[in-house]
Structure formats: C-alpha cells, structure tokens
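First comes the structure, then the notes that go with it.
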Amino acid sequence: MKIEEEKCLNSLPPVDLLLPDHNMVIEIQGPAHYVSGDFKTRNGSTLLKIALLQKAGLEVIEIPVNELLDKSLIKRRIDQIKSKIDTPLH
C-alpha cells in the first residue's frame with residue numbers, strides 16, 4: 001500500500017498522510033485543531049480544510065492525537081481504515 005507523508009496536493013492544504021490509490025487522507029489532529037484544545041469542537045480552519053479535501057473527492061479520516069495514547073482506540077481506527085481500503089471505489 002502506498003502512503004505519502006506531509007503531502008501537498010495542488011492548491012489544497014497539505015495533508016498528514018495520503019493513500020493515493022484509495023483517494024484517502026488521514027489527518028492526525030492535535031489540540032490546535034480544536035476550539036479550546038478540547039478534542040471535541042473543531043475550529044473553523046480545520047473544518048474548512050476538511051471540506052476542501054472532501055470537495056476534491058478525497059475521503060478524510062480524522063484521528064485526534066489523544067486517541068494515539070489508547071491501544072484500543074488505535075486498533076479501532078486501524079480497523080476503520082482497513083474496512084474503507086477493502087471497499088471498492090465507486
């Protein structure tokens with residue numbers, strides 16, 4: 001599986017991880033992506049970036065950085081990504 005890190009996509013904002021063969025982006029969201037760093041309410045610039053990526057036809061999976069500390073949450077995210085990769089593109 002091809003994965004590209006810190007990838008710039010033409011006029012779109014750079015992404016953390018790009019899976020080009022699956023039109024998928026994985027964004028690791030730190031506290032700066034949330035209002036008050038609460039990991040609940042995303043800020044305006046993050047929402048705009050996600051909307052622009054989706055409008056460009058990319059599927060966006062967001063992973064709050066605090067989930068990377070919990071093995072069960074990591075496993076759930078990996079399973080989520082695997083299930084989307086195994087699903088044929090339309």
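The values are calculated or read from the model by the stated rules, or taken from the named source; none is laboratory data. If you're wondering where the values come from, they're calculated on a predicted model, not measured in any experiment. No Cβ is skipped: glycine too gets one built from the backbone with ideal geometry, and neighbour counts run over all protein chains shown. Heavy atoms of the whole protein, side chains included, go into the accessibility calculation; ligands, DNA and RNA do not. Shrake-Rupley method; radii C 1.70, N 1.55, O 1.52, S 1.80 Å.
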Task: Qualifying positions in segment 52-75 - over 19 Å from Val35 (Cα atoms) and of a type in the set (D, E, K, R) - done: Lys55, Glu59, Asp70, Lys71, Lys75
Task: Contacts under 7 angstrom Cβ, first residue in segment 61-76 being in contact (Cβ under 8 Å) with a residue 12 or more places away in the chain, partner open to solvent by less than 40 Å² (accessible area, probe 1.4 Å) and of a type in the set (Ser, Thr, Tyr), 6 or more apart - done: none
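Being closer than 22 Å to Met24 by Cβ and of a type outside the set (Ser, Thr, Tyr) is the filter here, so list the residues in segment 40-54 that pass it.
Quick first cut of segment 40-54, residues closer than 22 Å to Met24 by Cβ only: 42, 45-54.
Arg42, Leu47, Leu48, Lys49, Ile50, Ala51, Leu52, Leu53, Gln54, listed by residue number.
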TODO: Select from segment 31-84 the residues that are closer than 22 Å to Asp21 by Cα and part of a strand (DSSP E or B) and write down the one among them that is most open to solvent (accessible area, probe 1.4 Å).
DONE: Glu59
